[in-house]
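What follows is a short report on a single structure.
The values are calculated or read from the model by the stated rules, or taken from the named source; none is laboratory data. No experiment lies behind these values; they were computed from the predicted model shown. Glycine gets a Cβ as well: all are built from the backbone with ideal geometry, and neighbour counts include every protein chain shown. Just the protein is used for accessible areas: all its heavy atoms, side chains included, with ligands, DNA and RNA removed. Shrake-Rupley method; radii C 1.70, N 1.55, O 1.52, S 1.80 Å.
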Amino acid sequence: MKKLNLVVLASGGGTNLQAIIDSIEAGKVDAQIRAVISNNSKSGALERARNYNIPDIHLSHKQFATPEEFDQKFLSILKDKETDLVVLAGYMKMLSPTVIRTYKNRIINIHPALLPSFGGEGMYGIHVHEAVIKAGVKITGVTVHLVDEIYDHGAIVMQKTVPVLDDDTPESLAERVLKAEHQTYAEAIQLFAEDRIEIRGNRSYLKK
Ligand code: GRF
């Protein structure tokens, strides 16, 4: 079977990217990363890509006169890499409606909580875990979902739970959730590689 072509977008340290690389190398994910794109030239994600000879591309809106020119370049890279699935792994920029429409049902994101709770604008990084602890919920987790034009809103593909402990700080909780993210993202990508995910409306279904 043909390997799934991934393009990973990341702005930060790239531990999710690393987990995907490791899972591919371990033969757990039937995919290849055709490129890593970051808006941040100093991101750990680009450095990790270079360590594995994966093309690393710094692409920022600041390099273009208009958002349309950015999109044109971005879409031409995705096309050139014969991208099957765009994987957002800590990418801090919103993708434009043009990009989202062109790659409809082929862009996924990972969110460090159980959506639709604790999502939406401003809910990123440590803010998510602060809100979880403040709300007093006993369970949080990880959500892999498709990206549509609304923040943290597209069809949910996979969720895993993580307990919230009485003595958790936002930082200790973030650490435990991040570990769950690493495992969950690889599993979800493998489902796409096996063509097991079907999208109908705003729901995803696992093909038998
Ligand atoms: C993760 O918590 C992910 O859920 C969020 O951004 C973080 C990225 O971490 N979208 P890393 O760069 O993969 O280490």
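Scanning the range 120-158 for residues that are open to solvent by 30 Å² or more (accessible area, probe 1.4 Å) and of a type in the set (Gly, Ala, Ser) yields a total of 4.
So that you can scan it fast, the table gives a plain yes or no per residue for (1) assigned by TED's automatic domain parsing to the domain that holds residue 181; (2) open to solvent by 30 Å² or more (accessible area, probe 1.4 Å):
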| residue | (1), (2) |
| --- | --- |
| 37 | no, no |
| 42 | no, yes |
| 49 | no, no |
| 66 | no, yes |
| 80 | no, yes |
| 88 | no, no |
| 113 | yes, no |
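Every listed requirement among (1) of a type in the set (Val, Ile, Thr); (2) outside any helix (DSSP H, G or I); (3) under 17 Å from the mean Cα position of the chain (by Cα) is met by residue 128 save one, (2).
Residues are listed down the side, and each one gets a yes or a no for (1) modelled with pLDDT of 95 or more; (2) more than 13 Å from the ligand (Cβ to nearest atom); (3) in a loop (DSSP other than H, G, I, E, B); (4) among the aromatic types (Phe, Trp, Tyr):
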| site | (1), (2), (3), (4) |
| --- | --- |
| 57 | yes, yes, no, no |
| 65 | yes, yes, yes, no |
| 95 | yes, yes, yes, no |
| 104 | yes, yes, yes, no |
| 110 | yes, no, no, no |
| 119 | yes, no, yes, no |
| 134 | yes, yes, no, no |
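Looking only at residues of the range 160-172 that are open to solvent by less than 80 Å² (accessible area, probe 1.4 Å) and under 19 Å from the mean Cα position of the chain (by Cα), we find that the one that is nearest to residue 192 (Cα to Cα) is 160.
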